[in-house]
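Contents: one structure, followed by commentary.
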There are 2 protein chains.
Amino acid sequence: MDAHRRVTIREVAEAAGVSVATVSKVLNDRYGVSGATTEKVRAVIEELGYESSLVARSLRNTKTNVIGVLVADFEPFSLEVLKGAADAIRGTGYELVVYSAAGQAVEHVGWERRHLTRVSGTLVDGAVLVTPTMTDVTASVPIVAIDPHTGRSHIPTIDSDNLRGGHRAVEHLLELGHRRIAMITGRPDLESARARERGYRDALEAAGIPVDESLIEQGDFIPATAAGATRRLLALPKPPSAIFAANDAMGLAAIEVATKQGLHVPEDLSVVGFDNVPDSAMTAPGLTTVEQPIREMGRRALELLLQQIQHDVPRDPHVTLATRLVVRGSTAPPRQER
Amino acid sequence: MDAHRRVTIREVAEAAGVSVATVSKVLNDRYGVSGATTEKVRAVIEELGYESSLVARSLRNTKTNVIGVLVADFEPFSLEVLKGAADAIRGTGYELVVYSAAGQAVEHVGWERRHLTRVSGTLVDGAVLVTPTMTDVTASVPIVAIDPHTGRSHIPTIDSDNLRGGHRAVEHLLELGHRRIAMITGRPDLESARARERGYRDALEAAGIPVDESLIEQGDFIPATAAGATRRLLALPKPPSAIFAANDAMGLAAIEVATKQGLHVPEDLSVVGFDNVPDSAMTAPGLTTVEQPIREMGRRALELLLQQIQHDVPRDPHVTLATRLVVRGSTAPPRQER
DNA sequence: ATGAAAGCGCTAACAT
DNA sequence: ATGTTAGCGCTTTCAT
């Protein structure tokens, strides 16, 4: 396997009959090397297939031309972010390196601190943290957080408008004529989940409908938990005519439970989700949901990071992107208008 | 931003009143450090938030406990591979680092050689190359290729059974009663595309149907090209009753063209694709297609790599995973059986 | 124009 | 048990 040991700058220097310093100068287009020598060295580099070691170079230099993206795992959200990051980095001359904590102790809160510390200052010129569990991190390079669990903080942050998204979801149900609207909430320790619930409450209050706490169930973003919540809601003396679930997975679970109980969605029960994951379009009926511009979030995070790295301009450090209501078949006016 | 400079082992040593060597020993659980000193050092590490630099450590050590995955870009195929790789790395203690050539000159054939050379020998203990354009790479670490453009080579390879997949697609159409079956082929420079075409030819011959070259159009995996090909096929004096497209994107394009011409799919024309991308399930009618187990390919690649790294067992270096026919609404018996 | 030497942060002999 | 030293591959003064 390792028939070919790594070719080092030393070997290039020896083969070209010059010093390592000279080779380094050629590599980095520094002044002070004659044309003839440059050509000679270039030829040897080509012949030996030499490529400088990213590691050695990083150790010596401050600048590496590498941007790091730190994710807890490769799941739909982070993968979509990566697409956006790739969009934004195209043509910038920077390389993108993604670190996943997947193999290590991911469950440990603070994975991002460990990883960030290991790569910042060496190896990367800046980093994007995807859904970090904490934001009180310090690093020797600029960092940007995407949708941090704890909400905005002192580090630049990209998130989407969960508050208005939640508001819009409920508004849509109100417009259809619903008055008893339940909510299955997300994990209360996550800022995004809390904002969605706030949107729900705000929209009801704006419509002059008092919030009925018995219509609010905690779902923790987990389908199984949401299924139980749905059963309880439907068993209520006065069950809701619509449910707003804090994410699509829970919304789909709610539809499944309702359908199993012989109810028709949307005729007997309307359901709205959040996220717009691919699954939500593939079921019958399609799930009405609030879309987050995840790819755009990745793009913007990278742009913000590059700005900081290149111009060192603080700019607007907190960007909130708009969410968008996607209406599909899971919502309709309630059976009996009043 | 860099209020906090990177904490180095030196600073830890000074703060603890010991030498760097001692700190290093504590970090790596080496013998020869008293309990008291160990505790003292640990405390300082905790207090200063020290984390060893991945770069410096890599430069010094042979082993880094990091696996590299090299992709040309973040697109659906490579992202699915990443999920599989993450599956396989969980609990192994290895970290996953993904390098994307996206920001650089991707179009340049041989991106993988450049990247591999830069990270191998330092920084990673092994690497997975995703759809590399070349496989005559040498590296100082074990490498595994997934679905290389050029087919199998001397390096361990994971691919899927394109030959049998193509065969199965056509077999399905034959079973439905089709006899005039056209094919829109992929990029002829890619081994996977050639294998799919071979499967098509084999299946026809096995059924005793001579291959009609006028029914074979080159589509290059590009929807627009496939659309033109479909038009030509449908304009034939004796048009085909079914089309096998070498990928889903082209299959969907074929359906679109046929529908625009007033034909009904599958009544007037059956279409089979290849890949089973999410889109193929979301259209009406759903596209019958051949599924590649992409995630599984990522998983197996990582397993194969770890085997090589850990036990150095060559094992079976070429793994071909089975493809699977997914029947949806785009195929049916031809209108007039003969 | 070229090279010798120092040092980036770390580990591993080899002293002591 | 602890420290001293050399060196991983590279860049960058500073001499020559």
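Okay, here's what the table says:
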item	result
Cross-chain or 6+ apart pairs with Cβ under 8 Å, the range B:74-96 first and without any contact (Cβ under 8 Å) to a residue 12 or more places away in the chain, then of a type in the set (Lys, Arg)	B:Glu75/A:Lys83; B:Leu79/A:Lys83
Residue list for the range A:38-68, restricted to those being free of Cβ contacts under 8 Å to residues at least 60 places away in the same chain, more than 9 Å from DNA strand D (Cβ to nearest atom) and not β-branched (Val, Ile, Thr)	A:Glu39, A:Lys40, A:Arg42, A:Ala43, A:Glu46, A:Glu47, A:Leu48, A:Gly49
Residue in the range A:116-130 that is nearest to A:Glu80 (Cα to Cα), counting only those that are part of a loop (DSSP other than H, G, I, E, B) and at the interface with chain B (Cβ under 9 Å from one of its Cβ atoms)	A:Leu123
A:Leu176 in contact (Cβ under 8 Å) with a residue 40 or more places away in the chain, touching a strand residue (DSSP E or B) at 6+ places or on another chain (Cβ under 9 Å) and surrounded by fewer than 24 Cβ atoms within 10 Å (Cβ to Cβ)	yes
Of all residues making up the range B:131-162, the number that are more than 13 Å from chain A (Cβ to nearest Cβ) and either assigned to a loop (DSSP other than H, G, I, E, B) or closer than 24 Å to B:Ile89 by Cα (or both)	18
Elements of type strands (runs of 3 or more DSSP E) in the range B:192-299, at least 2 residues being touching a helix residue (DSSP H, G or I) at 6+ places or on another chain (Cβ under 7 Å), farther than 30 Å from B:Val128 by Cα and in contact (Cβ under 8 Å) with a residue 40 or more places away in the chain	B:242-245, B:270-272
Filter result (more than 7 Å from DNA strand C (Cβ to nearest atom), surrounded by fewer than 14 Cβ atoms within 10 Å (Cβ to Cβ) and in a helix (DSSP H, G or I)) within the range A:1-41	A:Arg10, A:Gly35, A:Glu39
A:Ala195 closer than 21 Å to A:Pro266 by Cβ and within 31 Å of the chain's Cα centre (by Cα)	no
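The rows are residues; the columns are (1) within 12 Å of chain A (Cβ to nearest Cβ); (2) within 13 Å of DNA strand C (Cβ to nearest atom).
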position: B:Ala43; (1), (2): no, no
position: B:Ser52; (1), (2): yes, yes
position: B:Val66; (1), (2): yes, no
position: B:Asp73; (1), (2): yes, no
position: B:Ala86; (1), (2): yes, no
position: B:Leu96; (1), (2): yes, no
position: B:Ala102; (1), (2): yes, no
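Just so you know, all these numbers are worked out from the coordinates, no wet-lab data involved. Quick caveat, the model's predicted, so the values are computed rather than measured. With ideal geometry, Cβ positions are generated from the backbone for all residues, glycine too; neighbour counts draw on all protein chains shown.
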